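The values are calculated or read from the model by the stated rules, or taken from the named source; none is laboratory data. In this text the structure is predicted, and so the values were computed from the model without any measurement. Virtual Cβ from ideal backbone geometry, glycine too; neighbours counted across all protein chains shown.
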Amino acid sequence: MKAFLMYKDRDFDLQRRLPLNKQALTQDLGLDTLFNAMSLGDKFLFEVAEKAVLTGLNDDLETILYRQHILMDCLKNSSIVRNIYDIAIESIESRKKSWGYFSKYLPAVLSGSIEVLQILVDMLKKLKNIADEHNDKFESEGFTAFFSMLKRELSDEYFASVQNHLIELKFPNGVLISAALGKGNKGTNYILRKSQDKKQSWIKRIFTKPPGYTFYISDRDESGAKALSELHDRGINLVANALAQSADHIVSFFSMLRTELAFYVGCLNLHGRLAQKGEPMSFPLPIAPGERKHSFNGLYDVCLALSLEQRVVGNDVNADNKDLMIITGANQGGKTTFLRSIGLSQLMMQCGMFAPAESFSSNVCDGLFSHYKREEDTTMKSGKLDEELSRMSNIVDNITSNSMLLFNESFAATNEREGSEIAGQITSALLEKRIKVFFVTHLYEFAHGFYDKKMENVIFLRAERQSDGKRTFKLIEGEPLQTSYGEDLYNRIFGNAC
Amino acid sequence: MINNKQGVFPMNFHSILFKNEDSITEEKHEAPVFFVDLNLDQIIDAITIGKQEYNLKPFFYSSLNDIDAIEYRHEIMQDLEDKALFENIKSFAQKMRTMREHLAQADKLHYKYQKESWFLDAVEIYCDAVNCLVHNLDIADLKSRGFLAFHEYLRNYANSDGFTLLLTETKKIKADLSTIKYWLIIRDNSVTVRKYGSEIDYSADVEETFEKFKQGAVKDYRAEFSDRTEMNHVEAKILDFVAQLYPDIFLNLDDYYRKNANYLDETIGIFDREIQFYIAYLEYVTLFKRVGLKFCYPQIFNKDKEVYDYEAFDLALAYKLIMEKSSVVCNDFYLKDMERIFVVSGPNQGGKTTFARAFGQLHYLASIGCPVPGREAQLFLCDNLFTHFEKEENIKDLRGKLEDDLVRIYNILTQATSNSVVIINEILTSTTLKDAVFLSKKVMEKIIQLDLLCVWVTFVDELASFSEKTVSMVSTVVPENPALRTYKIVRRPADGVSYAISIAEKYRLTYDRLKERIKS
C-alpha cells in the first residue's frame, strides 16, 4: 500500500541527497524565507519543503504536472486534506503508547504489537471512511488512485481476518514448534506451526496419537524454567517479529502519507499568505529540457514579497530561444532581485508548485547553479579571485548540459580586462555545452563583447534608470552601458557636499 | 592427535621451507641483535601479525647460508605469486584453522552427543581441506621443487585407503544426522518431543496477512538468542529423547568417535604451518605493491661484491607512510668494481638513516629467501650483518659514550670477516670534530682492510673521498625551497652545503579546458 502523492509510481524519498550546491542555492536565493512561509514554524514541514523544492530539479515534466493537479485538488479541498494529514500524524503517535513494543522481552513485544495493531487498524478504518465519503470531490490522477487503493485493499473481510489473528496470537493452548539438529547437535531452526485442521485443534490431534517422550520442569528448577521459556521464545520469535514489523509497516505507510501531504500542506500555507497580500500566482507551463523557453508576466521575487508589507514590482520578459541573458545597469536597480526571481520561479515550477507570476513558462533544467560574488575570504587561504575560480571549478565538476547557471557579479575581483576575459571564456564554453546562463555583471567589456557579436540566442536586459536618476526596479531590454551609475549611488550617499 | 602411520608413501618430501633434511636448522626464538637497529623487528611484527598461532618468527630469525637453499624458497614464492594458488593455499589454511577450533571446542564440551558432533565436523573439515588442496594442486602450474614434491606426497595420501574410508564414514553420519526433524510441544512446564509431521508455518501466515503494508526496511524485532555452544540441561534432555527416537544414527556416531581419534597426518600438519612463511610475506608485499612500489627476486652471490638495487626503499618506514597515506620515496644504489663502501652525508632529516637501514634490510631479507624492495637487485650473501647505531642519547655521560662507541666498533671489527656487511649510523658524535675525523679515518682504514661491504652515515665529509673503495652519497633538498626534503639519496660528491588567466588555468577554467570538462 502506497500513497504515491508525490510520484505516480514511487515514494517520495526524504533521505534523498540534496544537490551538492544546496548551501549556495539556499544562500543566494534566500530559500529559507520560502521554506519558513511554507512551514509556519513546523520543523517537519520545513524539512519536506526543502527536500521537495531542492530535489525537484531531478524530476521529469510528467511529475511536475502530476503534482500540479494534486495541488489544485488540495486548494479546492483544503480542510479534507488537512484532516487526512492529522490522521496520519495521530497514527504515527499511537506507536509510542505501547511500551511492550519496544521491549527486549519477547512476549511483551508480541502483546505490545497486538495492542498497537489494534489502534492502527482503527485509524485505517477512519481513513477508509474519508475515502468513501469524499472521493467524488477530487479530480487529480493522484488522489483518485489513492482513494481507490484504500477501497480495494481495506475491505471489511480484510479487517475481519486481521482481527482473527490478533486473537489467536495470544496462544491460549501453548505453542507447537518444529526443530532440527544443528551445529554440535543442538536444536535449531525452531519454527512456530499452526494446525491446518480448523475443526480439530492440534492439541487434540497430538494427544490422540501415541505420545512421544514428555518431561516436566519441576517448580524448584529455576534454570530449567529459564531454559524452557527461552525455547518458547525461540518458537514465537519470528511471529512476534512479523507482527511488530507489520505494525511498523503500517506506521511507515502513514509516515509516507504524512510526508507526501506535508509538501501540499506547505504549498497551502504559502498560497494563503501570498493570496492575503494580493500577490498573483499561476500554475506554470513547463517545457521539455532540450528546448529554450523563458517567458513570463509579472514575475516577482517571492522571498522579497514575503518579507515586505507592500506589493512588489513584477517583470515581464520574453526570452524564448535564448541561451544567455546578460543583465547590466544601475546599482540598486533590482538586478539581484530579478536574478533571484528567476532562480526561485524555476525551483518552484520544477517541484510542482505554482509560480509567483501572472503567467510563467520555461524549459525544465537538469540542474540549477548559482555563482555569486562572496565576502572576502577571512581565512587568508586564498585570494578572492582564487576563491571565486575555485567555486566555479566545483560547479564545472557537477554541471551538465541543460542546466541553468546564475552569475551575480562574478569574476570582478581583478581588473576589468582580465575579469572580462575570464568571464568571456567561461560563458562561451558554457553556451557551447548547452547550459543556460543568466549573468548579472558590471564587466562592460564582457557584456558589450557579446552584444557586438549580435548572437541570436543572447538577450540583454538593463536595470531601468529614469533620467532623474530614480530607479523603477523594472528591467527593460537594452544594450549594456559603460557606466553602472555608481556615481548616482556615490552622490546619494555622500550628498552633493563635494 | 598427530600420526604418520600412513608414511608408506615415497618420502622425498621433507619440508616446504628447507630443501633437504640437512638444511633444517633448529628454530631460534631470539631475534638477531641487529634487528632493532634495522627496524627488522617492526617489519617481522608487521609480517606475522594475525598469524601468532603459527609461531612464524623463528623462520624469520634464521638466515640461510646456501644460495641453492635461497633458490628453493624463491621457486616456492614464485609459484605462490600465482593468485589462484595463493588463494587456494589460504583457503586450505583457513580450513585447517577451523578444524583446530572445532577440536578445541569438542574438548571443552560435556554432553557426549555434542562433543562427538564437533569432532565429526572437525574431521569433515579436514577431509575437505585435503581434497580441495589436492585438486587445487592438480590444476596449478607448479614449478618449484618444493611444491612438486609436496603435491606428490599429498596425492598419495588422499588416495590411501585410510583416508578414503575416513571420508566415507564421515559423510554418511553427517547425512543421517541432518535428516532428523522433531516436534516440541511446550505447554506450561511440560515439554513433549515427537517425530515431525508437517504443519503450516505460522509466522509466514501472519506476514502474508500484513504483506500489503510492506514499505521497505524496518527494525528487526527478533530477539537475539545467545548462541552458546554449550547446551543447558533442558536441551540435553531433549537431545537424549531425540536420540531415543533415532537410536541407530546415534550408535554409529559413538562408534565413529572412538575409532578415529588419530586422524591427522603429521606432514600435512607441518606443511600447514611452514607454508605460512610465504603467505605472510607475500601478503605483506601486497600492501606495498598496491601503492606502486616494486619488489624483485634479487640475484644473490657469495663471492662477487658488486651490488645494486633500483627503486629500493625502507620497508618499515614505507609501511608507516602507507598507513598514513603519505608517499614513499625510492632510491637507487650500486657498487661496482672496487667500490665497497657508501659514505652517506648531507642535510638532516633527508633520509640518510633510512637509506642505511634499507641497505641492511635488503641483505637480510635476501638471505632468508624473500623477494626484496626494488625493481631489480643484485645482493651479497653475507656470513653476518653488523650494525652500529647511536644508542639513546645520554647527556650526563659524554666520555662514556665515546668510549662505548669505540668498544662496540672494535667488537664488530674483530668479529667481522671479509664476507660480512657493516652498517654504521652517526657514531663518534660525542667528541670534537677533529677527534671525530681522526677516529673515523682510523676505523675506515680497518674496514677497507677487511674488504667489508659497508654503509656509513656520517657528518665527516672527509670520509666520502677516502679511497677508491668509498662512494659518496648525499641527501638532497629542493633547490627553490631548501626547507623541503626530497628524501632522495644521490651519488654525488659531498659539498658540505599576472596573473589572473594563469590562476584560471590552474583551476582548469579556460575555454578549452572547460569544453573538455563539462559532461554533455
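Below, the figures for the structure above:
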| item | result |
| --- | --- |
| Selection within segment B:175-203 - within 18 Å of A:ASN185 (Cα to Cα), within 7 Å of chain A (Cβ to nearest Cβ) and outside any strand (DSSP E or B) | B:LEU177, B:ILE180, B:TYR196 |
| Any chance A:THR214 is among the hydroxyl-bearing types (Ser, Thr, Tyr), at pLDDT 85 or above and either in a helix (DSSP H, G or I) or over 55 Å from the mean Cα position of the chain (by Cα) (or both) | yes |
| Subset tally (residues that are over 16 Å from A:ARG67 (Cβ atoms) and not polar (S, T, N, Q)) for segment A:251-278 | 10 |
| Strands (runs of 3 or more DSSP E) wholly inside segment A:397-475 containing at least 1 residues that are within 12 Å of chain B (Cβ to nearest Cβ) | A:404-408 |
| Selected residue (criterion: farthest from the other protein chains (Cβ to nearest Cβ)) from residues of segment A:213-227 that are under 23 Å from B:GLN244 (Cα atoms) and surrounded by fewer than 21 Cβ atoms within 10 Å (Cβ to Cβ) | A:SER218 |
| Yes/no for A:GLY235 being small (Gly, Ala, Ser) and within 14 Å of chain B (Cβ to nearest Cβ) | yes |
| Number of positions in segment A:266-296 that are buried (at least 24 other Cβ atoms within 10 Å of the Cβ) and of a type in the set (A, V, I, L, M) | 1 |
| A:ILE206 being at pLDDT below 90 and within 9 Å of another protein chain (Cβ to nearest Cβ) | yes |
| Sole residue being farther than 20 Å from A:ILE236 by Cα, buried (at least 19 other Cβ atoms within 10 Å of the Cβ) and not hydroxyl-bearing (Ser, Thr, Tyr), chosen from B:VAL242, B:VAL234, B:VAL206, B:VAL191 | B:VAL242 |
| Filter result for the condition that a residue is crowded, with 18+ Cβ neighbours inside 10 Å and over 21 Å from the mean Cα position of the chain (by Cα), over A:LEU57, A:LEU117 | A:LEU117 |
| Subset of segment B:307-323 [among the acidic types (Asp, Glu) and within 20 Å of the chain's Cα centre (by Cα)] | B:ASP314 |
| Count of segment B:82-139 residues which are β-branched (Val, Ile, Thr) and more than 25 Å from A:GLY182 (Cα to Cα) | 3 |
| Any pair with Cβ under 8 angstrom, 6 or more apart, that starts in segment A:176-187 at a residue that is within 7 Å of chain B (Cβ to nearest Cβ) and among the hydroxyl-bearing types (Ser, Thr, Tyr) and ends at one that is crowded, with 21+ Cβ neighbours inside 10 Å and assigned to a helix (DSSP H, G or I) | none |
| Pairs, first surrounded by 15 or more Cβ atoms within 10 Å (Cβ to Cβ) in segment A:123-145, second among the acidic types (Asp, Glu), C-beta under 6 Å, six or more apart | A:PHE138/A:ASP73; A:SER140/A:ASP73; A:PHE143/A:ASP73 |
| Listing of strands (runs of 3 or more DSSP E) fully contained in segment B:277-370 that carry 1 or more residues being in contact with an Asp or Glu (Cβ under 7 Å, 6 or more places away or on another chain) and under 28 Å from B:ILE447 (Cα atoms) | B:307-312, B:331-335, B:341-345 |
| Flag for B:LEU406 being in the same structural domain as B:ILE424 (by TED's automatic domain parsing), farther than 15 Å from B:TYR310 by Cα and modelled with pLDDT of 95 or more | no |
| The one condition in (1) of a type in the set (Ser, Thr, Tyr); (2) over 13 Å from the mean Cα position of the chain (by Cα); (3) closer than 28 Å to A:SER148 by Cβ; (4) not assigned by TED's automatic domain parsing to the domain that holds A:GLU153 that A:TYR66 fails to fulfil | (4) |
| Residue count for segment B:214-246, restricted to those that are touching an Asp or Glu at 6+ places or on another chain (Cβ under 7 Å) and either more than 7 Å from chain A (Cβ to nearest Cβ) or of a type outside the set (Lys, Arg) (or both) | 3 |
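Conditions tested, residue by residue: (1) assigned to a helix (DSSP H, G or I); (2) under 17 Å from the mean Cα position of the chain (by Cα); (3) within 14 Å of chain B (Cβ to nearest Cβ).
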| position | (1), (2), (3) |
| --- | --- |
| A:ASN269 | yes, yes, no |
| A:LEU274 | yes, no, no |
| A:PRO280 | no, no, no |
| A:GLY290 | no, no, yes |
| A:THR337 | yes, no, no |
| A:ARG340 | yes, no, no |
| A:LEU344 | yes, yes, no |
| A:MET353 | no, yes, no |
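This table checks each residue for (1) at pLDDT 90 or above; (2) over 25 Å from A:MET281 (Cα atoms); (3) of a type in the set (Gly, Ala, Ser).
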{"position": "A:ALA355", "(1), (2), (3)": "yes, no, yes"}
{"position": "A:SER362", "(1), (2), (3)": "yes, no, yes"}
{"position": "A:ARG374", "(1), (2), (3)": "no, yes, no"}
{"position": "A:ASP377", "(1), (2), (3)": "no, yes, no"}
{"position": "A:GLU387", "(1), (2), (3)": "no, yes, no"}
{"position": "A:MET392", "(1), (2), (3)": "yes, yes, no"}
{"position": "A:ILE395", "(1), (2), (3)": "yes, yes, no"}
{"position": "A:PHE407", "(1), (2), (3)": "yes, yes, no"}
